[in-house]
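**Student:** Okay, here's the structure, questions in a sec.
The values are calculated or read from the model by the stated rules, or taken from the named source; none is laboratory data. Since this is a predicted model, take the numbers as computed values, not measurements. Glycine also receives a Cβ, built like all others from the backbone with ideal geometry; neighbour counts cover every protein chain displayed.
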Amino acid sequence: MTAFSLEPAQLAWCAELRTLAAERLHPLADKGEPGHVNRALVAELGSLGLLGRLFTSGALDLCLMRESLAYACTEAETALALQGLGAHPVHAYGTAAQRARWLPRVTAGTAIAAFALSEPGAGSDAAALELRAEADAAQTGRSSDAVRAGRSSDAPVLAAAPDGPARWRLTGEKCWISNAPEADFYTVFARTTPGAGARGVTAFLVPADRPGLTGRGLDMLSPHPIGALDFDSVPVTADDVLGEADRGFRVAMGTLNLFRPSVGAFAVGMAQAALDATLAHTAGRDAFGGKLRDLQAVSHQVAEMALRTEAARLMVYAAASAYDADDPDVPRRSAMAKLLATETAQYVVDTAVQLHGARALQRGHLLEHLYREVRAPRIYEGASEVQRGIIAKELYARQEAR
């Protein structure tokens with residue numbers, strides 16, 4: 001692949017995915033209950049082998065999957081993406097036992113995963129999260145090591161219990177968590193060291209049946225399963241840690257750096273669907289003695305839609321290729337790709353609605369559906385304003401390093 005085109009095999013695979021999405025996945029999506037996990041749809045993604053590719057393919061393949069599925073069935077795209085987002089920390093940072101227990105079921109589509117980072121007071125500012133992971137009382141003590149580590153000498157220090165691994169209790173709330181409260185397990189980010197910002201966060205793999213873990217669904221603009229989780233002294237141990245204690249922010253950012261370009265791919269898929277619908281509509285719609293496309297005001301808007309969609313697609317592919325090449329510039333490229341693609345999709349879908357007129361506002365119309373779907377990606381996995389902050393930070397860091 002060059003920076004400007006895909007190989008014929010990749011193009012053929014994308015076409016195959018669009019056909020599968022339209023013929024096999026869309027009918028299952030239509031049967032799902034809005035606001036709830038569609039387990040039949042997830043199982044079909046597993047039987048088609050698409051969930052398995054989440055853990056065996058690179059970032060570019062992930063983008064191609066998400067773009068192609070989004071074009072024909074946004075529900076299937078989202079179901080696939082949420083499985084990847086929730087389970088990637090297990091794949092990349094989990095122990096052999098954690099991977100053996102959960103990844104085969106995720107791949108088969110029989111276990112639902114979720115990524116639990118956001119909180120009511122810590123969305124874009126992920127380092128400000130407040131879900132507490134407090135050491136069990138029987139395991140706390142005081143140590144001079146805490147002082148050397150930069151902690152207060154009064155802070156509790158966790159030591160391994162005589163009869164097993166270190167233990168914590170999770171207390172607090174998570175909010176706007178996709179697949180909650182119906183997931184089978186959650187990648188949960190909790191504060192293990194108070195006052196330490198991003199350095200005091202630990203990632204835990206928390207099965208849904210842990211005592212003290214409850215949740216409720218939230219009624220959102222788009223009909224995806226999204227909810228809040230309540231943690232009432234939920235027990236976890238060192239065996240549930242993903243990566244290292246107090247290093248969970250690395251798990252979160254490593255996951256987001258992979259998935260941010262593919263959020264852009266989701267957006268590009270929606271933009272392309274809106275563009276193609278607009279081309280068909282404006283070519284066939286009679287207006288003012290001709291076709292809509294004959295009006296320069298219309299044709300120029302369509303050209304602008306196509307220009308922005310292609311530019312976003314190329315930036316997404318470039319960011320994904322950089323990730324696959326282990327480029328050190330991945331955070332900047334990922335942020336740019338997500339920012340440009342999601343803002344572009346919002347523009348393209350909105351313009352498509354305008355050119356279609358009132359028919360696009362009818363419930364059940366493709367553009368009515370896309371109009372509701374396209375808004376959220378500008379917020380989740382780092383809002384557009386956060387992406388601009390990341391880009392600026394990386395640019396100034398490069399300048400200072402020269």
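**Student:** Pick from segment 214-266 the residues that are among the acidic types (D, E) and on the phi < 0 side of the Ramachandran plot: which of them is surrounded by the most Cβ atoms within 10 Å (Cβ to Cβ)?
**Tutor:** Quick first cut of segment 214-266, residues among the acidic types (D, E) only: 219, 230, 232, 239-240, 244, 246.
In the following step, the residues that additionally are on the phi < 0 side of the Ramachandran plot were identified as 219, 230, 232, 239-240, 244.
Values: D219: 8, D230: 16, D232: 13, D239: 14, D240: 23, E244: 12.
For segment 214-266, the residue satisfying everything is D240.
**Student:** Would you confirm whether or not segment 229-239 contains a residue that is touching a residue at least 40 places away in the same chain (Cβ under 8 Å), touching a strand residue (DSSP E or B) at 6+ places or on another chain (Cβ under 9 Å) and under 29 Å from A76 (Cα atoms)?
**Tutor:** Scanning segment 229-239, I find at least one residue that is touching a residue at least 40 places away in the same chain (Cβ under 8 Å), touching a strand residue (DSSP E or B) at 6+ places or on another chain (Cβ under 9 Å) and under 29 Å from A76 (Cα atoms), so the answer is yes.
**Student:** Turning to a different aspect of this structure: Residues of segment 337-350 being surrounded by fewer than 24 Cβ atoms within 10 Å (Cβ to Cβ) and hydrophobic (A, V, I, L, M, F, W, C), which ones?
**Tutor:** L340
**Student:** For the condition in contact with a Ser or Thr (Cβ under 7 Å, 6 or more places away or on another chain), within 20 Å of L256 (Cα to Cα) and at pLDDT 95 or above, what is the one hit in A392, A337, A312?
**Tutor:** A312
**Student:** With respect to F185, determine if the residue is closer than 24 Å to D125 by Cβ and not assigned by TED's automatic domain parsing to the domain that holds T95.
**Tutor:** No; evaluated as a whole, the condition is false for this residue.
**Student:** I would also like to ask the following. Taking the criterion of being over 15 Å from the mean Cα position of the chain (by Cα) and closer than 30 Å to A29 by Cα, would at least one residue in segment 185-196 satisfy it?
**Tutor:** yes
**Student:** Being out of contact with any strand residue (DSSP E or B) (no Cβ under 9 Å at 6 or more places or on another chain) and either under 28 Å from D324 (Cβ atoms) or of a type in the set (D, E, K, R) (or both) is true for just one of A203, A273, A252. Which residue is that?
**Tutor:** On the way: A203 fails: out of contact with any strand residue (DSSP E or B) (no Cβ under 9 Å at 6 or more places or on another chain); A252 fails: out of contact with any strand residue (DSSP E or B) (no Cβ under 9 Å at 6 or more places or on another chain).
Going through A203, A273, A252 in turn, the sole match is A273.
**Student:** For residues that are charged (D, E, K, R) and in a loop (DSSP other than H, G, I, E, B), scanning just segment 4-40, find the one that is farthest from the chain's Cα centre (by Cα).
**Tutor:** Ranking the candidates gives E7 first.
**Student:** Does any residue of segment 347-360 turn out to be more than 28 Å from C175 (Cβ to Cβ), polar (S, T, N, Q) and out of contact with any Cys (no Cβ under 8 Å at 6 or more places or on another chain)?
**Tutor:** The answer is yes, given that some residue of segment 347-360 is more than 28 Å from C175 (Cβ to Cβ), polar (S, T, N, Q) and out of contact with any Cys (no Cβ under 8 Å at 6 or more places or on another chain).
**Student:** If you take the residues of segment 382-397 that are more than 17 Å from T344 (Cα to Cα) and touching a residue at least 24 places away in the same chain (Cβ under 8 Å), which of them is nearest to the chain's Cα centre (by Cα)?
**Tutor:** Selected residue: I390.
**Student:** Continuing with the same structure: Keeping to segment 364-377, report how many residues are in a helix (DSSP H, G or I) and surrounded by 21 or more Cβ atoms within 10 Å (Cβ to Cβ).
**Tutor:** Summing the residues that are in a helix (DSSP H, G or I) and surrounded by 21 or more Cβ atoms within 10 Å (Cβ to Cβ) in segment 364-377 gives 5.
**Student:** Does segment 278-289 contain any residue that is of a type in the set (G, A, S), out of contact with any helix residue (DSSP H, G or I) (no Cβ under 7 Å at 6 or more places or on another chain), in a helix (DSSP H, G or I) and more than 30 Å from L339 (Cβ to Cβ)?
**Tutor:** Yes - at least one qualifying residue is present in segment 278-289.
**Student:** Looking at this structure, is V316 aliphatic (A, V, I, L, M) and either within 30 Å of T193 (Cα to Cα) or in contact with a Cys (Cβ under 9 Å, 6 or more places away or on another chain) (or both)?
**Tutor:** Judged against the criteria, V316 is a match.
**Student:** Taking segment 290-322 as the region of interest, how many residues are exposed (fewer than 15 other Cβ atoms within 10 Å of the Cβ) and assigned to a helix (DSSP H, G or I)?
**Tutor:** 9
**Student:** Can you tell me which residue is surrounded by the most Cβ atoms within 10 Å (Cβ to Cβ) among those in segment 66-97 that are among the small types (G, A, S), touching a Leu at 6+ places or on another chain (Cβ under 9 Å) and farther than 27 Å from R247 by Cα? Can you show your working first?
**Tutor:** If we filter segment 66-97 for residues that are among the small types (G, A, S), which is where we start, we get 68, 70, 72, 76, 79, 81, 84, 86-87, 92, 94, 96-97.
Retained after the next criterion (residues that are touching a Leu at 6+ places or on another chain (Cβ under 9 Å)): 68, 72, 76, 79, 81, 84, 87, 92, 94.
Adding the requirement that they be farther than 27 Å from R247 by Cα leaves 68, 72, 76, 79.
On the way: S68: 24, A72: 20, A76: 30, A79: 32.
Here the residue is A79.
**Student:** Specify which of the listed residues (C63, C14) is surrounded by 20 or more Cβ atoms within 10 Å (Cβ to Cβ) and of a type outside the set (S, T, Y). Even if it seems obvious, please write down each step before you answer.
**Tutor:** Details: C14 fails: surrounded by 20 or more Cβ atoms within 10 Å (Cβ to Cβ).
The conditions single out C63.
**Student:** Select from segment 221-257 the residues that are assigned to a loop (DSSP other than H, G, I, E, B) and touching a Phe, Trp or Tyr at 6+ places or on another chain (Cβ under 7 Å) and list them in ascending order.
**Tutor:** Here is the first cut: in segment 221-257, the residues assigned to a loop (DSSP other than H, G, I, E, B) are 221-225, 243-246.
Scanning segment 221-257 gives a single hit, G243.
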